[in-house]
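To start, the structure itself, in structure tokens.
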Amino acid sequence: MKIIELTTTQHYNYKDFILKGLKTHPDAFRISPQDELNEPFPTLGNSHSFTLGALDEQDKLAGVVSFKTEIANREKLAHKGLLFRMYVGASHSGKGIGKQLMKKLIERVKELPDIEQINLTVVASNNRAVGLYKSFGFEPFSLERKAIKSNDYYLDEYTMVLFLRG
């Protein structure tokens with residue numbers, strides 16, 4: 001398994017991979033497959049952003065995670081970044097790929113001089129994801145009840161933070 005940075009030109013079929021995840025695990029994401037169809041590559045146009053991909057032995061995506069500054073043009077919020085679209089394909093689940101992606105993302109973010117914290121949101125009932133984030137030091141700081149509505153049911157969502165400095 002190798003972790004690489006994905007780009008708009010070297011994306012390893014990112015869009016197809018993430019769409020499959022959205023369809024296979026709809027309750028793990030706050031976006032739907034329909035939402036994703038018209039979205040640009042997730043970190044396009046933000047200088048402090050990147051998307052990492054975990055490639056398997058056949059150089060196919062096994063997992064992805066993205067990071068961007070929360071609000072790049074807001075001086076008072078420039079110390080925060082957002083981890084988003086974390087997904088490991090079902091056939092690669094349980095192999096430590098999520099841990100490898102998280103470790104590499106945190107290492108990369110620590111190299112950014114102005115970023116002091118990483119925020120993320122996660123469906124509260126996604127125990128594996130919540131456990132992974134907690135194992136890296138993320139702490140929940142809010143729970144939004146009924147944050148996501150899908151058809152006729154609701155999902156609660158945690159917002160979590162990892163403080164990198166101070």
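General observations
- With contributions of -39500 (n - 2.57) from each DSSP H run of at least four residues, the per-residue ellipticity at 222 nm computed over the chain stands at -7000 deg cm²/dmol.
- Label-point separation, residue 141 to residue 114 (7 Å along Cα→Cβ), nm: 1.9
- The range 2-117: C-alpha gyration tensor shape, a/c 1.5 cut-off, then a/b vs b/c: prolate
- For the set 23/60; 20/134; 95/146; 104/149, the pairs lying more than 23 angstrom apart at their alpha carbons are 20/134; 95/146; 104/149.
- Distance between the range 57-96 and the range 12-29 - C-alpha centres, whole angstrom: 13
- Positive-end ranking of 19, 43, 96 along the dipole of the range 2-117, with charges on Cβ about the Cα centre, is headed by 96.
- Whichever aspartates and glutamates have a C-alpha closer than 17 Å to that of residue 2, once near sequence neighbours (fewer than 8 apart) are set aside: 56, 57, 59, 107
- Each residue, residue 127 and residue 77, gets one label point 7 Å from its Cα in the Cβ direction; the gap between the two is 3.4 nm.
- Dipole magnitude (debye, nearest 20) for the chain, charges at Cβ of Lys, Arg, Asp, Glu: 260
- For the pair residue 2 and residue 149, the difference between a 0.36 nm per residue extended length and the Cα-Cα distance amounts to 49.4 nm.
- Charge tally around residue 15: other residues with Cβ under 15 Å, Lys/Arg +1 each, Asp/Glu -1 each, net 0.
Just so you know, all these numbers are worked out from the coordinates, no wet-lab data involved. Just so it is clear, the model here is predicted, and its values are computed rather than measured. Note: ideal-geometry Cβ built from the backbone for every residue, glycine included; neighbour counts use all protein chains shown.
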